[in-house]
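Here is the structure we will look at.
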Amino acid sequence: MVVSAADSLTLADGSSHPTGFWAEEVVESVRVLREAGVEVTLATPGGVVPTVDKASLDGTFDEAVTSLADLRSPISLSDVDGSTFDAVYLPGGHGPMADLAFDADLGALLADFHDNGKVVAALCHGPAGLLSAVRADGTFVFAGREMAVFSDEEERQGGLDVPYSVAGRLAALGARVVAGEPWSSTVVVDGTLVTGQNPQSTAATAARVASLLA
């Protein structure tokens with residue numbers, strides 16, 4: 001599981017907005033996967049201890065975030081040996097828009113997993129990390145693949161003036177973006193690519209990943 005190490009996002013107007021990972025998407029994904037018998041290792045760019053987006057703390061997942069020891073000692077993304085893992089999972093929060101979208105280590109890992117038929121999963125704003133997977137010849141690794149991502153309508157309703165549309169950039173690179181109803185549990189499975197649209201899709205996304213790994 002590759003978690004964003006970003007703690008802020010520069011908005012469209014140039015101002016800085018505090019962000020990080022979305023609590024539910026990490027905590028619930030880890031819970032569902034581990035209950036299914038999946039071993040989960042957390043990684044971040046540089047091995048930085050990730051920051052939780054305070055907007056995702058409403059009392060429901062606060063204690064779970066604090067007690068999840070993996071968040072206090074992630075491995076460095078650059079040290080990940082893809083041959084020792086069966087899947088890569090990208091949870092959201094706006095953080096991935098600030099760092100994972102441009103991370104060369106992640107891009108190389110995603111290309112390797114794609115080319116070897118391994119499971120790639122991304123949730124909510126996690127698909128921003130897929131933007132890093134562009135080959136040396138300029139082709140997008142996931143061009144032509146069907147996927148879900150936090151929709152522009154959900155972004156509008158959320159009220160944050162984000163610097164770019166993740167759905168728009170993915171579509172521009174050739175992805176086939178599917179949008180479910182705002183805030184509905186929407187999961188898209190295209191071969192070994194599993195994507196969920198929003199926090200409401202967390203448990204279902206993790207369950208589909210666990211099913212593919214089984």
Summed over the other residues with a beta carbon less than 11 angstrom from that of M147, with K and R at +1 and D and E at -1, the charge totals 0
Accessible area of the stretch 8-213 with a 1.4 Å probe: how many percent of it is carbon plus sulfur? 50 percent
Within 13 Å, Cβ to Cβ, of S8, how many net charges do the neighbouring residues add up to if Lys/Arg are +1 and Asp/Glu are -1? -2
Given the whole protein assembly as supplied and a 1.4 Å probe, what does the accessible area of D58 come to in Å², nearest 10? 110 Å²
Can you tell me what share of the DSSP beta bridges in the chain is antiparallel? A percent to the nearest 5 is fine. 35 percent
Only four residue types carry charge here, +1 at the Cβ of Lys and Arg and -1 at the Cβ of Asp and Glu. Report the dipole size of the chain about the Cα centre in Debye, rounded to the nearest 20. 340 debye
Quick one: accessible surface of D70, probe radius 1.4 Å, all protein chains present, in square angstrom to the nearest 10. 40 Å²
According to a simple spin-label model (label point 7 Å from Cα along Cα-to-Cβ), what is the distance in nm between T66 and S15? 3.0 nm
Rounded Å value of the spacing that divides the Cα centres of the stretch 59-102 and the stretch 104-182: 17 Å
Which Cα, out of S4, A64, L110, lies furthest along the positive dipole direction of the chain (beta carbon charges, K/R +1, D/E -1)? L110
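The values are calculated or read from the model by the stated rules, or taken from the named source; none is laboratory data. Since the model is a prediction, treat every value here as computed from it, not as a measurement. Quick reminder, even Gly has a Cβ in these numbers, built from the backbone with ideal geometry, and neighbours come from all protein chains shown. Note: accessible area is taken over every heavy atom of the protein model, side chains too, but ligands, DNA and RNA are not part of it. Shrake-Rupley method; radii C 1.70, N 1.55, O 1.52, S 1.80 Å.
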